[in-house]
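Peer 1: Below is the structure I would like to discuss, written out as structure tokens.
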Amino acid sequence: MMHIGLIGYGSIGRALHERLRQDPQARFTALVRSEPSPMPEDLVTVRSVPEFLARAPDLCVECAGHAAVHDHAEAILKSGRALMLASVGALADSDLYARLQNAMKHSGGQILLPSGAIGGLDLLCAVSGDGACSVSYQGIKPPAAWKGSPAEARVDLDSINEATPFFEGSARDAALAFPKNANVVAALALAGGGFDAMTVALIADPEARGNTHRYTVTSPYCSYEMVVENTPTAGNARTSVTTVLSLMNDINRFFGR
């Protein structure tokens, strides 16, 4: 039996549930603000963290955005449970990161960080272990994927006819300013040299067929470039299908499947 606690039941939470419910050994509890419609028969919903923890999920999976990490992660970790974060970018907040580290230290709780829409993090962790490593990243998405983000104040997303950069800066600034779009940035920063050492460029491209992540790593031991072009999830252009698949893979690994 595996009891999965979902924090949020939006596009990611629903997709995870749909895929994982095929396992007859799976049970689900979701911490939500309102009842899903339609309401799945095999899903128990609760409205508060105490109710959520009382259900005793084996693994908690956050898939509700940065605000959910700020609101719920510390209490969940203090309970000693394992917490998988889809919204890795929330850890760019240094105060939050310190509080979560402290919660884990005193409770035995654990944060699990999936690779999400990117790959190659094992190699990046290895070559950055010596400290002499630089990482630069480009995130390229169709204009629609940047709707509802600060990109709208920097470029006219409806009228551009070519690839248009609208942000250049550190990984920390990118992750904090674009919480619904830059979780890949945070995953790379945590695997590599940190949020302040990594450079980021974000680009809206009307010719983009999907969400493209391109990053370059330079170290004394190796240099490489990785490019991943992802298909967006249905109904949410900001999120890639590979994010859901990555979470699913890590959930199955957690349960030894």
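Peer 1: As an exercise, use a Förster radius of 30 Å and the Cβ-Cβ distance of residue 44 and residue 122 to find the FRET efficiency, rounded to the nearest 0.05.
Peer 2: With a Förster radius of 30 Å, E is 0.25.
Peer 1: Follow-up question, since we're still on this one. If the viscosity is 0.890 mPa s and the temperature 25 °C, what translational diffusion coefficient in µm²/s does Stokes-Einstein give for the range 13-69 when Rh comes from Kirkwood over Cα pairs?
Peer 2: In µm²/s, the coefficient rounds to 202.
Peer 1: Please list 3J(HN,Hα) in residue order for the range 66-75, calculated via the Karplus relation 6.51 cos²θ - 1.76 cosθ + 1.60 where θ = phi - 60°; whole Hz, with x for glycine and proline.
Peer 2: 4, 4, 5, 5, 4, 7, 10, 4, 4, 5
Peer 1: Still on this structure, please answer the following. Rank the residues 195, 167 as a footprinting-exposure proxy: fewest other Cβ atoms within 10 Å of their Cβ go first.
Peer 2: Starting with the residue having the fewest Cβ neighbours, the order is 167, 195.
Peer 1: Taking only Cα atoms, what is the 0 to 90° angle, nearest 10, from helix 241-254's long axis to the longest principal axis of the chain?
Peer 2: So the helix axis and the longest Cα principal axis differ by about 50 degrees.
Peer 1: Using only alpha carbon pairs under 8 Å that are at least six residues apart, calculate the relative contact order of the range 2-112 and give it in whole percent.
Peer 2: 25
Peer 1: Based on other C-beta atoms within 10 Å, arrange 202, 123 from fewest to most.
Peer 2: With the fewest neighbours first, 202, 123 line up as 123, 202.
Peer 1: Considering only C-alpha atoms, what is the centroid distance from the range 203-243 to the range 112-159, in Å?
Peer 2: 7
Peer 1: Counting helices only, and only those DSSP H runs with n ≥ 4, report the 222 nm mean residue ellipticity of the chain as the sum of -39,500 (n - 2.57) divided by its residues, in deg cm²/dmol to the nearest 500.
Peer 2: -9500 deg cm²/dmol
Peer 1: Need one number for the range 121-238: average projected area of the convex hull over its C-alpha atoms, nm².
Peer 2: Across all orientations, the range 121-238 yields a mean hull projection of 7.0 nm².
Peer 1: Please arrange 122, 250 by counting, for each residue, the other beta carbons lying within 10 Å of its beta carbon, fewest first.
Peer 2: Least to most surrounded, the residues fall as 122, 250.
Peer 1: For the range 186-253, what class follows from the C-alpha gyration tensor (a ≥ b ≥ c being the square roots of its eigenvalues): rounded when a/c is under 1.5, otherwise prolate if a/b is larger than b/c, else oblate?
Peer 2: Here the range 186-253 falls in the oblate category.
Peer 1: Turning to a different aspect of this structure: Anyone know which of 145, 186, 197 comes out most mobile in the 10 Å Cα GNM of the chain?
Peer 2: 197
Peer 1: Something else about it: For the chain, with a Gaussian network of springs between Cα atoms less than 10 Å apart, report the residue from 224, 215, 97 with the top mean-square fluctuation.
Peer 2: Taking springs between Cα atoms under 10 Å, the residue moving most is 224.
Bear in mind that the values in this text are calculations on the coordinates, not laboratory data. Values in this document were obtained by computation on a predicted structure and should not be read as measured data. Methodologically, a virtual Cβ is constructed for each residue, glycine included, from the backbone with ideal geometry; neighbour enumeration extends over all protein chains shown.
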